[in-house]
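So the structure is just underneath, and the comments pick up after that.
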Amino acid sequence: MPVDPAAVPVDPAAEPPRPRRRGRTTLLIAGAAVLGVVAGTCVGYVVQADREPTRLPSLSQPKLAQSKGNGPEPLSAAQDRRVRTDGDLRKLLLKKPAGTKNADWLTSSDGWMDLAGYAETYTKPAGMFGDLVGSEFRRAAVTGWESGNYDVEIRLIQYRQEEGREAADANDNNEYWADTKAGTDNWSIAGTGDGEAYVHSRPRTEAGYLPQYSAEAFAWRGDISVEIFIWDTKPVPKAKIMDLAKRQMERL
């Protein structure tokens, strides 16, 4: 028989909840809370304004007592390389051998070579000048001697090295260009890490002049790049350039 819908009991859980109406009471309570926060903040400012300012601690610090006794002895030149290289750089150059004379073709008369003078030894001095400034060039010492047609030049180039290993980079650059010359043999210089000696078997020729053979050696130690050159009208033996390089590096 048909069921009267009005007679079927209703499950309260199955009926969707009805939204409760928000009356004026709710709005009044919320407004009162906001006013309470504002009033509390104002009171806090008034109380703080009436107080004496808090004094900041003194910036001066108590004087510390200096320790007594002798400090450590400074390192010797054998222990601290900078003791030697910060002095007169010219004293670290090899001495002119007996039986030779000072090279009259050197541009330096006192053994020092400034930035402009060193840049002039390159084929493009203007560009090299800027490169040396960027490489933190500090100073350079130079010596040279000659005996007949045999000439030698030795340079010590020192860098400030505040931002990079410029002496090592300069050495890499020198070795790169030395190795590009045709007819070149090269050997490692013992005790120098990556130092190299080069002998060029093909002479430089020019009309009206004797052929010119050459040899080079490059190495570095700390903030100093070492450059050694030999020129002769006959082939330069490996033993000559190697001997100069070893003895010069020993002085560093």
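Observations, loosely collected:
- Residue match in the range 150-158 (condition: over 25 Å from Lys96 (Cβ atoms) and not hydroxyl-bearing (Ser, Thr, Tyr)): no
- Of all the numbered requirements in (1) aromatic (Phe, Trp, Tyr); (2) under 32 Å from the mean Cα position of the chain (by Cα); (3) farther than 22 Å from Asp114 by Cα, Tyr213 misses one, and that requirement is (2).
- Gln48, sole failed condition from (1) open to solvent by less than 100 Å² (accessible area, probe 1.4 Å); (2) at pLDDT below 90; (3) in a helix (DSSP H, G or I): (1)
- For the range 155-192, filtered to residues that are out of contact with any Phe, Trp or Tyr (no Cβ under 8 Å at 6 or more places or on another chain) and of a type in the set (Gly, Ala, Ser), the residue that is surrounded by the fewest Cβ atoms within 10 Å (Cβ to Cβ) is Ala182.
- Selection from the range 111-140 of residues that are without any contact (Cβ under 8 Å) to a residue 12 or more places away in the chain, open to solvent by 80 Å² or more (accessible area, probe 1.4 Å) and not basic (Lys, Arg): Thr123, Ala126, Asp131
- For the range 209-242, the set of residues classified as among the small types (Gly, Ala, Ser) and either free of Cβ contacts under 8 Å to residues at least 24 places away in the same chain or at negative phi (or both) consists of Ser214, Ala215, Ala217, Ala219, Ser225, Ala239, listed by residue number.
- Of all residues making up the range 79-110, the number that are farther than 20 Å from Ser147 by Cα, surrounded by 10 or more Cβ atoms within 10 Å (Cβ to Cβ) and modelled with pLDDT of 85 or more: 5
Yes/no matrix, rows are residues, columns are (1) assigned to a loop (DSSP other than H, G, I, E, B); (2) under 15 Å from Ser147 (Cβ atoms); (3) in contact with a His (Cβ under 6 Å, 6 or more places away or on another chain):
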site	(1), (2), (3)
Ser214	no, no, yes
Phe218	no, no, no
Val226	no, no, no
Ile230	no, yes, no
Val236	yes, yes, no
Met242	no, no, no
Gln248	no, no, no
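- Flag for Trp105 being touching a residue at least 12 places away in the same chain (Cβ under 8 Å) and more than 26 Å from the chain's Cα centre (by Cα): yes
The values are calculated or read from the model by the stated rules, or taken from the named source; none is laboratory data. Quantities reported herein were computed from a predicted structural model and do not represent experimental measurements. Don't worry about glycine lacking a Cβ; one is built from the backbone with ideal geometry, like all the others, and counts go over all protein chains shown. Areas reflect the complete protein model, heavy atoms only, side chains present, ligands, DNA and RNA absent. Shrake-Rupley method; radii C 1.70, N 1.55, O 1.52, S 1.80 Å.
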